[in-house]
Every structure is written in structure tokens, then in C-alpha cells.
Amino acid sequence: MAQYARSPAVAVIRLRNPPVNTLSFAVLQALEDGLEKADADPSVKAVMICGENGKFSAGADIRGFSSPNRPVKSLAALVSLIESSKKPVVAAIEGIALGGGLEVALGCHYRVAHVKARMGLPEVTLGLLPGAEGTQRLPRLIGVPAALDMITTGKHIPATEALKLGLVDEVVEENTVEAAIRLANKVIGQPLGPRRLSLKPVPKLPDMEAFLSQARVRVKKQAQGCLAPELCFQAVRAATQMPFADGVRRERELFMVLLSSGQARALQYAFLAERAAQKWTTPGGASWSSATPQPVRSAAVIGLGTMGRGIVTSLVKANIPVVALEQDLEYLNTGRKAVMLLLEREAMKMEVGAQTLDFHNPARLQFTVDFDSLRDVDLVIEAVFENMALKKEIFHKLSRICKPGALLCTNTSALNIDEIASATSRPQQVIGTHFFSPAHVMRLLEIIYGRHTSPTAIATAVQLAKALKKVGVVVGNCFGFVGNRMMFPYVQQAVFLLEEGSRPEAVDRVLEDFGFKIGPFRMSDLAGLDVGWRSRQGQGLTGPSVPAGTPARQRQGQRYSPLPDLLCESGRFGQKTGKGWYQYEKAGGRTATPDPWLHSLLAQYRDTHGIEPRFIDQEEILERCLFSLINEGFAILAEGIASGPEHLDVIYINGYGWPKHKGGPMFYASTVGLPRVLAKLHKYSEAHPDVPGLQPSAFLKKLAAVGNPPIKEWMSYLSQQSSRL
Ligand SMILES: CCCCCCCCCCCCCC(=O)CC(=O)SCCNC(=O)CCNC(=O)[C@H](O)C(C)(C)COP(=O)(O)OP(=O)(O)OC[C@H]1O[C@@H](n2cnc3c(N)ncnc32)[C@H](O)[C@@H]1OP(=O)(O)O
Ligand SMILES: NC(=O)C1=CN([C@@H]2O[C@H](COP(=O)(O)OP(=O)(O)OC[C@H]3O[C@@H](n4cnc5c(N)ncnc54)[C@H](O)[C@@H]3O)[C@@H](O)[C@H]2O)C=CC1
């Protein structure tokens with residue numbers, strides 16, 4: 001857990017807890033033992049602390065926060081013990097020093113970092129604050145503005161920046177441990193008082209009060225309903241107002257508030273859920289542990305519309321050479337300009353000194369209308385219009401042209417992967433890669449395997465997600481896959497609420513107050529109402545193919561709202577046309593304003609259909625929208641479309657703006673309590689028996705019958721027979 005050695009006047013303590021040297025109780029105990037041993041040995045003149053396997057430490061074990069035996073108190077005590085050592089202690093920071101790991105380094109008298117190391121106090125991202133005196137030591141070392149920035153954002157900073165800030169004393173390109181030992185030998189006998197951060201004053205600012213009040217406004221704005229940034233701010237402010245010991249007491253009080261908050265639990269769950277979702281399996285037995293990805297050295301993108309542009313940008317940023325293809329020269333030129341603009345913007349955002357984007361080089365990015373140019377690429381991503389016939393035509397062509405091993409990916413948002421694959425002679429190499437708009441920004445990549453998709457193809461798509469710095473979540477094939485399938489009942493409820501008496505701005509406000517970045521109506525206006533309209537036309541729900549005599553508000557015996565169709569028929573496609581559920585300052589405008597035209601349309605619509613409008617309270621809006629979405633999630637789990645609730649939660653946090661501090665929809669359901677979710681769905685489905693989305697799923701009923709089992713046990717209640725394959 002920590003190895004003790006000598007070199008020769010310097011005691012070397014090496015933290016050892018693979019893979020990232022988290023500070024378990026055993027590690028802390030071994031570190032304390034090492035310090036005591038060094039202290040007791042007169043031939044030891046200095047101490048050096050480093051981590052095993054090129055990593056200093058990732059801090060506390062996140063899995064241990066919910067354990068009653070968490071070693072929280074001892075970490076702070078240990079940091080004080082290090083600082084009060086009479087022999088100089090030097091930290092050798094390789095790889096990472098994060099959270100409690102960096103707090104240990106702050107207790108040391110000197111810090112040497114490898115040039116590739118990264119440091120940070122990411123506790124805020126886990127709903128916490130640096131609770132081992134980090135909020136009091138860091139401002140004393142690097143000043144309040146820089147410390148506040150690091151502590152309230154949780155960002156990791158590179159060693160070179162750490163050197164500029166004074167967080168480390170030395171940055172080395174070679175052997176960090178040897179450099180730290182050299183420094184330790186050099187400082188033997190030098191006074192340690194000035195190196196003990198707890199004894200230093202916090203550097204003054206010309207107007208600390210003004211700085212802090214501006215910073216507080218900024219932190220609150222960025223927090224978006226999350227508690228931790230505000231409490232991190234308060235802890236740092238305490239450092240500016242109180243002596244060290246009082247600041248530490250305040251830090252502890254604030255830490256305990258956060259530790260017991262539901263937000264910390266949700267954020268820690270979200271961290272672990274993202275890692276768990278990487279360990280994909282399929283009902284057919286394919287798994288991350290046995291499948292091997294094939295290398296992707298080059299790629300092609302077909303269709304340079306909204307999605308294709310972002311996908312090309314993402315690939316170029318990942319340093320993968322791209323061939324970008326359009327249907328004709330006019331579309332190609334428009335697409336090329338759009339891609340170049342995106343890439344120029346991305347290049348401007350890149351850190352000084354980082355590798356530049358080489359997108360003017362035709363060997364890295366080539367534009368074409370010729371399918372023959374796709375002959376040699378390792379992977380193709382199709383992003384043409386959402387039309388099955390067109391997609392099949394393209395895949396048939398790809399199957400003939402591309403080299404035998406090439407992976408053929410479709411960015412369809414809902415269409416059947418198996419049907420697309422059937423147009424090829426290599427269905428094992430066909431897979432869905434569902435990007436989210438804007439594709440170069442959004443972290444989610446939904447990866448959809450079909451009936452014949454090979455484990456290698458899945459592993460390759462997962463590897464691609466990593467290369468693009470995205471979170472790949474592997475799911476099964478069904479209409480809308482996971483994300484959009486869960487979204488349908490949510491948006492449907494939102495529209496039904498309008499029919500019954502609510503307004504778009506009222507529904508959006510409730511869901512935005514809950515924590516969504518934007519509510520369902522602002523989201524629909526942003527995405528374009530025509531997208532769903534075309535899909536409903538394709539499904540025969542609206543348009544000329546609807547049989548004469550079909551009731552306006554019913555399809556196949558189920559409730560249907562023609563409201564979105566009416567908007568599209570009036571040319572209201574959302575932001576792009578300047579009008580949708582809201583009005584905008586101009587076509588392409590972004591500022592949504594409630595629209596009196598829409599309000600009178602709603603009144604007229606209710607009159608026409610004999611609907612008596614009623615006041616709908618916030619609780620009903622929230623529950624009908626969220627619980628119908630969650631209910632669909634349970635159906636998806638029961639069908640084996642996703643292998644666990646954490647997969648659904650990762651999809652919603654990273655692709656649909658679900659507030660991370662509420663842990664994702666399925667985690668949220670577990671906090672509300674499954675029996676309560678079920679009771680509410682029963683109530684709403686009794687009131688609306690013609691809405692299948694409100695009828696509780698069998699799996700939810702099964703789990704609620706047990707009580708409220710922990711989320712990690714849910715899947716054990718599914719019998720093998722209910723699995724999809
Ligand atoms: C009752 C008395 C009360 C008195 C009050 C006292 C108050 C005093 C309280 C003091 C408490 C101090 C608490 C503390 O120390 C705070 C912390 O340290 S919180 C933790 C902060 N650290 C992080 O947030 C780091 C998180 N990790 C990462 O960012 C990345 O994992 C990392 C950059 C380290 C590596 O990334 P990458 O290479 O991409 O690999 P993975 O992300 O896949 O990780 C590999 C593997 O490691 C697991 N892991 C990583 N970090 C942790 C962690 N901190 N804890 C547990 N496990 C971790 C990760 O899950 C992966 O494992 P899998 O098995 O694959 O899931
Ligand atoms: N717009 C969105 O938010 C999202 C869309 N999707 C999916 O991505 C796909 C593309 O959607 P968008 O980019 O929004 O569409 P878009 O309409 O903006 O772009 C489609 C592009 O494909 C090109 N194209 C059409 N036929 C072609 C052919 N035969 N050869 C080459 N290029 C051809 C068109 O010229 C056009 O530029 C669709 O399947 C859609 O469902 C997926 C996620 C989100």
C-alpha cells in the first residue's frame with residue numbers, strides 16, 4: 001500500500017494502490033508509518049513521497065465515500081503530520097495528483113512535477129470540496145484568484161501552468177523521482193517554517209471584497225443548481241477572513257453539508273456510471289473484455305449537413321485523416337465552407353503550444369463527390385437525410401466500394417440498423433454511431449449493434465469514441481435506440497399538457513428549474529420541428545397517407561396530438577424559421593419569446609376539440625414528463641436494449657442535458673423511490689388510459705413490489721427469459 005526505501009539519506013515513500021493510487025485507509029496508514037519510521041531514523045535527513053506506476057495519486061477512493069469507514073478525518077491529520085515534519089518532505093508528482101492526492105502534495109514542503117503531470121482539486125465535480133485543508137492551503141500558495149478558479153471548477157492543470165502559478169517548485173522532463181531526491185538532498189538543513197503553507201498569510205489583493213463578490217456571482221451562474229461550487233467558494237473565502245485553524249473548521253463544516261447532500265451521491269454515482277458503461281456486454285455474450293478493436297487510421301463522412309460537419313470536425317481534432325463526401329458540388333462547397341469555419345474556430349480555442357490542426361493539408365482532409373475516394377478508408381460514417389431508402393442505397397454502394405475490413409457506420413437517429421445492414425454483403429461490419437448535435441461538442445456517442453454486428457465492430461466504435469474524447473455507450477437496436485426512445489414519451493407528455501391547458505413557457509420553466517439545460521419546447525425549436533414532422537410522415541401518423549376519417553387526436557386507438565404538425569404546416573420549424581413554439585428575433589435567432597399567436601392557436605385548438613382548459617401545477621408537469629421517460633427506461637432495460645440503468649443515465653447526462661447533480665433519470669427514480677414513481681404512473685394512466693407511455697412497465701412493477709431495491713441490484717431481478725435475444 002506504500003513502499004518504504006532509502007536513497008541513502010532520503011527516505012522514499014511510494015504510494016501503491018493500482019490503478020491510480022487512491023488513498024485507501026491502508027495507503028494512509030502505510031504513509032503514516034513511513035513518516036514515523038523516517039522521523040525515528042537519525043540517518044534519514046529528508047523524505048520523498050511519490051506514487052507507483054508513474055501516478056502520484058487520484059485522491060480519495062470515490063467508491064468509499066458512501067462507506068461508514070471512510071478515512072476522511074485521517075487524511076487531513078496526515079497532511080498536517082507531513083507539513084509538521086522536522087525533516088524536509090518533497091513530493092515527486094508524476095501522472096496525476098488529484099483531490100486528496102494534491103492535498104498530500106500541498107502538505108509537503110517542496111513539489112517537483114513531471115512535465116506531463118496534471119494537478120487539480122476535482123472534488124467539486126463530485127459534489128464535494130477539498131476537505132483535507134486544501135481550500136486553506138492552496139490560496140496561501142497560489143493566491144485567491146487562481147485557487148478559487150481551480151477549486152470551484154475542479155479543472156486539471158498541466159505541470160507547466162502549475163509552475164507558473166507557483167504550485168510546484170520545479171518541472172522536469174526526465175526522471176521525476178531522481179529530481180525530487182536531488183532536491184531533497186539539496187534542502188537538507190534549510191529552515192522549513194517558510195515552506196509550511198499553514199503558516200503563510202493569504203496573499204492580499206488590492207480589493208479582496210470586490211473580487212470575492214464578483215467571483216461569487218460568476219460561480220453561482222456556472223453552478224446551474226449545483227451546491228458544491230458555492231460551498232467551495234465559501235471555504236476559500238473563509239481562508240481570506242480567518243486564521244488557518246478557523247478556516248479548517250469552516251472547511252469541515254461545509255464539507256459535511258456536502259457529504260450528506262443528495263447531490264454528492266448523485267455526482268459520485270455519475271462518475272462511476274460513466275466508467276461502468278465502458279464495460280459493455282451484449283445479450284449475445286460479446287463483451288469489452290474479449291473483443292479487440294481494429295485500428296482506425298483513416299475515415300470518411302458522407303453528408304456534410306448539420307451532423308456531418310461536426311463529425312468531420314471531431315475526426316480532424318482527433319488527428320484522423322478524413323475524406324468528406326457530398327451528393328454534388330454545390331452541397332460540397334457549402335459543406336466545405338461550414339467545416340472550415342468550424343475547424344478554424346476549434347483551432348482558435350486550442351491551447352497555446354498544443355498540436356495544431358492540420359486541416360489545410362489534403363492528406364488530412366479531402367473533399368469529394370466521388371465514392372471511389374472511399375476505397376481505402378478504415379471506417380465510414382454516413383450522415384445523409386433520415387430516409388431508409390437513401391441510406392440503403394448508400395450502404396449498398398459502400399459495401400461494393402470499401403475495402404473488405406472497413407467498418408460501415410450510420411448516424412441515423414432512429415432507423416433500423418439491421419435493415420440498413422441488409423443492403424450490404426457485410427452486416428457484421430455495420431453499426432450505428434449516433435452522434436448528438438453539435439457533433440464536435442456533445443460528449444455522447446450512442447453505439448448501436450445490430451443482429452449481425454461483430455464484437456470487433458463494437459469494440460472499434462467504442463475505441464473511436466475514446467479517440468474522439470467522447471463517451472461511447474453501447475446499446476441494442478430498436479426504434480429511437482435508448483436516448484430518443486425515452487425522449488418520445490417525454491415530449492409527447494409536454495405536448496399533451498399544452499392541449500390540456502398549459503403553455504410552452506410554463507412547461508419549459510418547470511423542467512429548466514429541475515435542472516435541464518433547456519426545456520422540451522425550446523429544445524424542439526432548436527433541433528427543428530420539421531425533423532419530427534418528417535419522421536411522423538414516414539410512420540404514416542400525419543400527412544396524406546393518414547386514412548380518411550381518422551380522428552384528429554387519435555392514432556390506432558391511442559391519443560395523438562396534431563399540434564406539432566399544425567405548427568409545421570404553418571411553416572413554423574423553430575429557430576431556423578424564426579417561429580416555432582416560441583417566436584425569435586429573426587430566422588436563425590436564438591432568443592425565445594412567448595408568442596401570442598401560439599397562445600391563441602392553443603385556445604382555438606381547445607375550442608375546436610372541446611377541451612376544457614385547466615390549470616396544471618408544476619408537480620403534474622414534472623411528474624408526467626419525467627416519469628413517462630423513466631417508465632420507458634424500465635421497458636428498455638427489460639428488453640435487454642441496454643445492459644444496466646447506469647448506461648441510460650450516462651446517455652441522458654451526456655446527450656440530453658439531464659442535470660448531472662441529479663444522477664440521470666434512473667438514479668433519480670431510485671431517489672424518488674420506485675413505489676412512488678409507480679403510484680404516480682398509475683394515477684396518471686387512470687386519468688389518460690389512451691396513453692401507453694403512462695402505463696407502468698412490468699419491470700418497474702416488479703422492482704416496486706420488492707420495495708425500493710438499490711439501483712445496482714435492479715438487473716438481478718430480470719430473468720434470463722426476458723432478455724431480448
Ligand atoms: C466523520 C468525521 C468528519 C470530519 C470531517 C472531515 C472532513 C475531512 C474530509 C477529507 C476528505 C478528503 C477527501 C478527498 O481526499 C477528496 C478526494 O480526493 S475526492 C477524489 C478526487 N479525485 C478525482 O476526482 C479523480 C477522479 N478520477 C479521474 O479523474 C480519472 O479517473 C483519472 C484522471 C485519475 C484517470 O483517468 P483515466 O486514465 O481516463 O482512467 P479511468 O477514469 O478509467 O480510471 C481508471 C480506473 O480508476 C478508477 N478511479 C479513478 N479515480 C478514482 C477514485 N478517485 N476513486 C476510485 N476509483 C477511481 C476508475 O473508476 C477506473 O476503474 P474502473 O474499475 O475501470 O471503474
Ligand atoms: N440534426 C440532428 O440533430 C441529428 C441528426 N441525426 C441524423 O443524422 C443524419 C443527418 O442529419 P442532418 O445532418 O441533420 O441532416 P442534413 O439535412 O442537415 O444533412 C444531410 C446531408 O446529407 C447530404 N446527402 C444527401 N444525400 C446524399 C448522398 N446521396 N450522398 C452524399 N450526401 C448526401 C445532403 O446533401 C445534406 O448535406 C440523419 O440520419 C439524422 O436523423 C442524428 C443525430 C442528431
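The values are calculated or read from the model by the stated rules, or taken from the named source; none is laboratory data. None of these values were measured; they are calculated from a predicted model. Because the Cβ atoms are built from the backbone with ideal geometry, glycine has one as well, and the counts that use them run over all protein chains shown. Protein only, heavy atoms only, side chains kept; ligands, DNA and RNA dropped before computing areas. Shrake-Rupley method; radii C 1.70, N 1.55, O 1.52, S 1.80 Å.
Numbers below:
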item	result
Residue within segment 290-307 that is in contact (Cβ under 8 Å) with a residue 12 or more places away in the chain, in a helix (DSSP H, G or I), in the same structural domain as HIS360 (by TED's automatic domain parsing) and not aromatic (Phe, Trp, Tyr) present	yes
Complete set of residues in segment 15-63 that are at pLDDT 95 or above, hydroxyl-bearing (Ser, Thr, Tyr) and over 19 Å from LYS86 (Cα atoms)	THR22, SER57
Selection from segment 587-614 of residues that are assigned to a loop (DSSP other than H, G, I, E, B), open to solvent by 50 Å² or more (accessible area, probe 1.4 Å) and not hydrophobic (A, V, I, L, M, F, W, C)	ARG590, THR591, PRO594, HIS609, GLY610, GLU612, PRO613, ARG614
Helices (runs of 4 or more DSSP H) wholly inside segment 60-146 that include at least 2 residues being small (Gly, Ala, Ser)	72-83, 100-107
Leading residue by the ranking (nearest to the chain's Cα centre (by Cα)) among those in segment 443-464 that are of a type in the set (Gly, Ala, Ser) and buried (at least 23 other Cβ atoms within 10 Å of the Cβ)	ALA461
Odd one out for THR412 among (1) under 31 Å from the mean Cα position of the chain (by Cα); (2) farther than 21 Å from SER535 by Cβ	(2)
Residues of segment 1-31 that turn out to be more than 22 Å from ARG63 (Cα to Cα), within 38 Å of the chain's Cα centre (by Cα) and surrounded by fewer than 17 Cβ atoms within 10 Å (Cβ to Cβ), as a count	1
Residue match in segment 491-512 (condition: under 23 Å from the mean Cα position of the chain (by Cα) and of a type in the set (Ser, Thr, Tyr))	no
In segment 340-373, the residues that are more than 11 Å from ligand 2 (Cβ to nearest atom) and part of a helix (DSSP H, G or I)	MET340, LEU341, LEU342, LEU343, GLU344, ARG345, GLU346, ALA347, MET348, LYS349, ASP372, SER373
Residue match in segment 6-19 (condition: out of contact with any helix residue (DSSP H, G or I) (no Cβ under 7 Å at 6 or more places or on another chain) and of a type in the set (D, E, K, R))	yes
Hits in segment 345-380 - residues which are modelled with pLDDT of 85 or more, surrounded by 12 or more Cβ atoms within 10 Å (Cβ to Cβ) and of a type in the set (A, V, I, L, M, F, W, C)	ALA347, LEU365, PHE367, VAL369, PHE371, LEU374, VAL377, LEU379, VAL380
Sole exception among (1) more than 10 Å from ligand 2 (Cβ to nearest atom); (2) touching a residue at least 40 places away in the same chain (Cβ under 8 Å); (3) over 20 Å from LEU468 (Cβ atoms) for GLU326, by number	(1)
LEU567 vs. criteria away from ligand 2 (no atom under 16 Å from the Cβ) and more than 15 Å from GLU386 (Cβ to Cβ)	yes
Segment 292-316: number of residues that are open to solvent by 50 Å² or more (accessible area, probe 1.4 Å) and either at pLDDT below 95 or within 12 Å of ligand 2 (Cβ to nearest atom) (or both)	2
Residue within segment 354-372 that is more than 16 Å from ligand 1 (Cβ to nearest atom), under 29 Å from the mean Cα position of the chain (by Cα) and β-branched (Val, Ile, Thr) present	yes
Contacts under 7 angstrom Cβ, first residue in segment 80-99 being under 17 Å from ARG16 (Cα atoms), partner among the acidic types (Asp, Glu), 6 or more apart	GLY99/GLU123
Residue list for segment 439-457, restricted to those being in a loop (DSSP other than H, G, I, E, B) and within 11 Å of ligand 2 (Cβ to nearest atom)	ALA439, MET442
Test: LYS164 is of a type outside the set (A, V, I, L, M), surrounded by fewer than 24 Cβ atoms within 10 Å (Cβ to Cβ), away from ligand 2 (no atom under 16 Å from the Cβ) and not in a helix (DSSP H, G or I)	no
Qualifying helices (runs of 4 or more DSSP H) (wholly inside segment 467-581; at least 1 residues being over 28 Å from GLY305 (Cβ atoms) and open to solvent by less than 50 Å² (accessible area, probe 1.4 Å))	483-500, 504-514
Residue count, segment 251-271 (criterion: outside any loop (DSSP other than H, G, I, E, B), open to solvent by less than 70 Å² (accessible area, probe 1.4 Å) and not aromatic (Phe, Trp, Tyr))	11
Answer residue from segment 97-150, given it is open to solvent by 10 Å² or more (accessible area, probe 1.4 Å) and out of contact with any Gly (no Cβ under 9 Å at 6 or more places or on another chain) and is farthest from ligand 2 (Cβ to nearest atom) among those	TYR110
Meets criteria (assigned to a helix (DSSP H, G or I), within 16 Å of ligand 1 (Cβ to nearest atom) and open to solvent by 70 Å² or more (accessible area, probe 1.4 Å)) for GLU274	no
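The rows are residues; the columns are (1) surrounded by 15 or more Cβ atoms within 10 Å (Cβ to Cβ); (2) assigned to a helix (DSSP H, G or I).
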residue: HIS661; (1), (2): yes, yes
residue: PHE667; (1), (2): yes, yes
residue: VAL677; (1), (2): yes, yes
residue: GLU686; (1), (2): no, yes
residue: PRO689; (1), (2): no, no
residue: LYS702; (1), (2): yes, yes
residue: GLU713; (1), (2): no, yes
